[in-house]
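The values are calculated or read from the model by the stated rules, or taken from the named source; none is laboratory data. Because the structure is a prediction, the values reported are computed rather than measured. Cβ placement follows ideal geometry from the backbone for every residue including glycine, while neighbour counts extend to all protein chains displayed. We work out accessible area using only protein heavy atoms, side chains counted, and drop any ligands, DNA or RNA first. Shrake-Rupley method; radii C 1.70, N 1.55, O 1.52, S 1.80 Å.
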Amino acid sequence: QVQLVESGGGLVQPGGSLRLSCAASGSIFSISHMGWYRQAPGNERELVARITSGCSTNYADSVKGRLIIDRDSAKITVYLQMNSLKPENTAVYYCNADGAYHTPSGIADFRSWGQGTQVTVSS
């Protein structure tokens, strides 16, 4: 199907920055949108930011102005630039992609998730 591999997480001090990357691979026919979700301990997974194939974006209200999502369609990669990080941004960040992939009999829809990357904001 379609695999997503994230990178770029880690430990950062409050006010610092991180840039997450997520590369898609597999028998991809098309991708309608890619996005980032996060899940903090004891909380449900929530949308952080999403970008469509036409580069339309939407963000969670809590991250507007501090996080920027963009994509490189040629590399089938999505990025999340995180600035002015706060301790409450600590979570596991998951990459997500929706689209269509090649099958032996044609094309089918997919929804894939990455394995997650830990982001910890702490002094």
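Annotations for the structure displayed:
- Percent carbon-and-sulfur accessible area, region 23-123, ignoring ligands, DNA and RNA, probe 1.4 Å: 48
- Solvent exposure of the chain as accessible area per residue, Å², 1.4 Å probe: 51
- In a reduced charge model with +1 at each Lys and Arg Cβ and -1 at each Asp and Glu Cβ, the chain shows a dipole moment near 200 debye about its Cα centre.
- Accessible surface comparison of Thr77, Thr120, probe 1.4 Å, protein chains only, largest first: the order is Thr120, Thr77.
- Per the chain, cysteines lacking a partner by the 4.7 Å Cβ criterion: Cys55
- With all protein chains modelled, accessible area of Val2 [1.4 Å, Å²]: 10
- Sorting the segments 87-97, 43-53 by their residues' average number of neighbouring beta-carbon atoms within 10 angstrom, most packed first, yields 87-97, 43-53.
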